[in-house]
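Heads up: the structure comes next, in structure tokens.
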Amino acid sequence: MSEPISFRFALPEDCPRILEFIRGLAEYEHLSHEVVATEALLREWLFEKKKAEVLFVCLDGQPVGFALFFHNFSTFLSRAGIYLEDLFVLPEHRGKGCGGALLRRLARITKERGCGRLEWSCLDWNRPSIQFYLSLGARPMEDWTTYRLTGETLDRAAQQG
């Protein structure tokens, strides 16, 4: 018998669990050295400033994965969209349908909010995730390249003329 999958939005007291999932994702992506997140920063930016949201996927009421997302805006659609920053399911709960259920729930939230699209990025080497996304009907945006300013380069750009 399969365990019942449910969802719930994170609360401020869930910051330790959110941070645990972020660290698990960073380890999977070989990027643990980049994590500077803290419970205090998560509490501030997620729950005080409300700049992003976290949806948990739960088995028997216990969070086993999460999606962290926020709204963006499409000028071409003249509508908001949802950008999925992170999706992670604990390794011991993969293969139980949690990831697919989480993405489908996020797609429903996107539609319920009247948003025009749901987008995310995936590391090029992450073939299991890419295959999973393709199986859901997602398509890569091959004509677009993501650019980023961070750290010292962000500081320099902000200080220029």
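The values are calculated or read from the model by the stated rules, or taken from the named source; none is laboratory data. Computed from a predicted structure; not experimentally measured. Glycine also receives a Cβ, built like all others from the backbone with ideal geometry; neighbour counts cover every protein chain displayed.
A few points about this structure:
This table checks each residue for (1) surrounded by 15 or more Cβ atoms within 10 Å (Cβ to Cβ); (2) in contact with a His (Cβ under 6 Å, 6 or more places away or on another chain); (3) aliphatic (A, V, I, L, M).
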{"residue": "P4", "(1), (2), (3)": "no, no, no"}
{"residue": "R8", "(1), (2), (3)": "no, no, no"}
{"residue": "C15", "(1), (2), (3)": "yes, no, no"}
{"residue": "G24", "(1), (2), (3)": "yes, no, no"}
{"residue": "E34", "(1), (2), (3)": "no, no, no"}
{"residue": "A40", "(1), (2), (3)": "no, no, yes"}
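- Filter result (without any contact (Cβ under 8 Å) to a residue 40 or more places away in the chain and either outside any strand (DSSP E or B) or of a type outside the set (K, R) (or both)) within segment 72-86: F73, T75, F76, S78, A80, G81, I82, Y83, L84, E85
- Selection of segment 89-123 for residues being in contact with a Phe, Trp or Tyr (Cβ under 9 Å, 6 or more places away or on another chain) and of a type in the set (D, E) yields only E119.
- Matching residues in segment 103-150 - criterion: being of a type in the set (S, T, Y) and not in a helix (DSSP H, G or I): S121, T145, T146, Y147, T150
- Of the listed requirements (1) over 18 Å from A67 (Cβ atoms); (2) out of contact with any Gly (no Cβ under 9 Å at 6 or more places or on another chain); (3) surrounded by 10 or more Cβ atoms within 10 Å (Cβ to Cβ); (4) modelled with pLDDT of 95 or more, G116 misses just one: (2).
- Taking segment 59-86 as the range and being surrounded by 17 or more Cβ atoms within 10 Å (Cβ to Cβ) and more than 20 Å from E112 (Cα to Cα) as the test, the residues that pass are L59, P63, V64, G65, D86.
- Against the test of being of a type in the set (D, E, K, R), in contact (Cβ under 8 Å) with a residue 12 or more places away in the chain and surrounded by 10 or more Cβ atoms within 10 Å (Cβ to Cβ), the options R156, R127, R105 yield a single qualifying residue, R105.
- T153 vs. criteria assigned to a loop (DSSP other than H, G, I, E, B), among the polar types (S, T, N, Q) and farther than 18 Å from L25 by Cβ: no
- Number of the exception - D60 against (1) among the charged types (D, E, K, R); (2) modelled with pLDDT under 95; (3) at negative phi: (3)
- Counted residues, segment 4-37 - those being touching a Cys at 6+ places or on another chain (Cβ under 9 Å) and part of a loop (DSSP other than H, G, I, E, B): 1
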